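Quick notes on the structure that follows.
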Amino acid sequence: MEELLTKETNMNIFVPAEIVKSTEVTVDSNGIETSVGDWYVRGYASTPDLDLQGEVVEPQGIDINYFIKSGYINYEHSNKPEHIIGVPTENSYVDFQKGLFVEAKLMKSNEYAQELWRLANNLSNDGMGRKIGFSIEGKVRKRNSVNKNVIENVMITNVALTTHPANPNA
């Protein structure tokens, strides 16, 4: 039992993301808007809420040092080179009450970043009531000794931009 509580394991948790529209926009002959400036997404990538996988991540135990220095934003949890779509900014942080807040700059030249950017804008513009979101990836370093579904310490390695929610309350 002790080994289960301290053994590092991989994990993924989803939280909705907000798109940050560029202030520079062009409109083509078909009326389609295109951002001229940089593309940013932001939001809480982890909260202390129970997710659909039955797990809770305690914000006090979230370590983002590796993520900020060397991690990426990837497409749907794929770490293939072509699925790396962005990087976290220095505006990413851990709030010990609310969780991990991520701001990410997307690579406009990447086709998968373009796909998610279009989808996020279409969902927003068409009033669909849904959003793309964040899903954390990392190494669980410690679980609660009484409830193994409570993650007390985790090293975040990457964050995925995804359409598959696991933490709908964030």
Open item on the list: Just to confirm, what accessible area per residue do you get for region 48-170 at 1.4 Å probe, in whole Å²?
Closed with: 52 Å²
- [ ] Would you mind computing, in nm to one decimal, how far apart the modelled labels at residue 164 and residue 125 are, each placed 7 Å from Cα along Cα→Cβ?
- [x] 2.8 nm
- [ ] Would you mind checking 69/142; 105/148; 108/142 for any pair whose Cα atoms are more than 30 angstrom apart?
- [x] 105/148; 108/142
TODO: Could you tell me what percent of the accessible area of region 65-142 is made up of carbon and sulfur, with a 1.4 Å probe and every protein chain present?
DONE: 48 percent
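The values are calculated or read from the model by the stated rules, or taken from the named source; none is laboratory data. No experiment lies behind these values; they were computed from the predicted model shown. For neighbour counting, all protein chains shown are included, and Cβ atoms are generated from backbone atoms with ideal geometry for every residue, glycine included. Quick note on the areas: whole protein, heavy atoms, side chains included, nothing else; ligands and nucleic acids left out. Shrake-Rupley method; radii C 1.70, N 1.55, O 1.52, S 1.80 Å.
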